[in-house]
Amino acid sequence: MTINLSSLMSKYEPKKLADYTTFNIKTMTVIHGYPKGTLTRPLLLVGPAGSGKTQLAKLLAAEIIPDMTPYDIRFVDAAEDPSVKMIKSISQTVHTYARNAQNLRVIILDEAHDFTTQAMASLKGLMTKFPSVDKGVFFILTTNHLSGISEPVRDRCLVLDVPATTVDDVLPMACRVLDGESIPYAIDDLRIALTKDSSGLATFRDMWGVIEDIITRKNMR
Ligand SMILES: Nc1ncnc2c1ncn2[C@@H]1O[C@H](COP(=O)(O)OP(=O)(O)O)[C@@H](O)[C@H]1O
Ligand SMILES: [Mg+2]
């Protein structure tokens, strides 16, 4: 049977916040501080493409409170609609009742640097109305261009750096997938394949590319 990459990704991608592992202590403290209730401000995840910001935002949204429902999470890709109309529509969402007992909604603003100046100003207004989780809205913003986020919006957020991932971060996941699918590999070759250059950096996106190559080669045999 041929295995396809998207089914593999959905099978092995982290499903829970607890599956999200990183060697970065600050990241761990922050992402577990929200469900505990010790952190309540909007969260701005900043880091290079492929570092896992969107993934982290979704996992955190789902677990911010125990009875969070998918209906109470709104995912907005600013790259798709950067207009002020989008922020207006979010503002309508947050004024309706949520389905969880705490009446909390999560708004994920992915690639938030893409919002227009007007949208950014309107977002600032909305964040001023809902400055913290206990006021009923948890904003999670992601960006790889911090300078594209207006200062008033930045100031209202806890800014968390999500550093670029390294070969050591992605290697265990690659092994888990290949072991899980009983695909043989040599660990040294795998490490080399995952290493793009001498920087030691490697993204999960690259890792899936490497896995796809290995599977394709296996299927050709
Ligand atoms: N900790 C992780 N473990 C496994 N896969 C991950 C992890 N973080 C990210 N990924 C995967 O890497 C890819 C890129 O992650 P993504 O969240 O889209 O990055 P970003 O938003 O920073 O560009 C996605 O396929 C995602 O599922
Ligand atoms: Mg992203």
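The values are calculated or read from the model by the stated rules, or taken from the named source; none is laboratory data. Here the structure is a predicted model, which is why all the values come from computation and not from measurement. With ideal geometry, Cβ positions are generated from the backbone for all residues, glycine too; neighbour counts draw on all protein chains shown.
Numbers at a glance
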quantity	calculated
Residues located in the stretch 122-153, provided they are of a type outside the set (D, E, K, R) and surrounded by fewer than 16 Cβ atoms within 10 Å (Cβ to Cβ)	G125, T128, P131, S132, H145, L146, S147, G148, P152
Test set (1) at pLDDT below 95; (2) more than 16 Å from ligand 2 (Cβ to nearest atom) - A164 fails condition number	(2)
Scope the stretch 1-12; condition exposed (fewer than 14 other Cβ atoms within 10 Å of the Cβ), part of a loop (DSSP other than H, G, I, E, B) and of a type outside the set (S, T, Y); matching residues	M1, N4
Count of the stretch 32-50 residues which are free of Cβ contacts under 8 Å to residues at least 40 places away in the same chain and either over 24 Å from F130 (Cβ atoms) or surrounded by 13 or more Cβ atoms within 10 Å (Cβ to Cβ) (or both)	3
Subset of the stretch 64-73 (residues that are surrounded by 16 or more Cβ atoms within 10 Å (Cβ to Cβ) and not in a loop (DSSP other than H, G, I, E, B))	D72, I73
Subset of the stretch 1-16 that is at pLDDT 90 or above and among the hydrophobic types (A, V, I, L, M, F, W, C) - its residue that is nearest to ligand 2 (Cβ to nearest atom)	M9
Residue within the stretch 14-24 that is near ligand 1 (Cβ under 9 Å from one of its atoms), of a type in the set (D, E) and either part of a helix (DSSP H, G or I) or farther than 23 Å from R156 by Cα (or both) present	yes
Single condition A79 does not satisfy, out of (1) more than 14 Å from ligand 2 (Cβ to nearest atom); (2) at negative phi	(1)
Test for H95: is it more than 16 Å from ligand 2 (Cβ to nearest atom) and not in a helix (DSSP H, G or I)	yes
Of all residues in the stretch 98-149 being touching a His at 6+ places or on another chain (Cβ under 8 Å) and β-branched (V, I, T), the one that is nearest to ligand 2 (Cβ to nearest atom)	T143
Residue under evaluation L141, criteria (1) in contact (Cβ under 8 Å) with a residue 60 or more places away in the chain; (2) touching a Ser or Thr at 6+ places or on another chain (Cβ under 8 Å), criterion not met	(2)
Qualifying residues in the stretch 130-148 (those that are among the hydrophobic types (A, V, I, L, M, F, W, C) and either more than 24 Å from L201 (Cβ to Cβ) or assigned by TED's automatic domain parsing to the domain that holds T195 (or both)) - the one nearest to ligand 1 (Cβ to nearest atom)	I140
Residue among V170, V162 that is touching a residue at least 40 places away in the same chain (Cβ under 8 Å), within 12 Å of ligand 1 (Cβ to nearest atom) and among the β-branched types (V, I, T)	V162
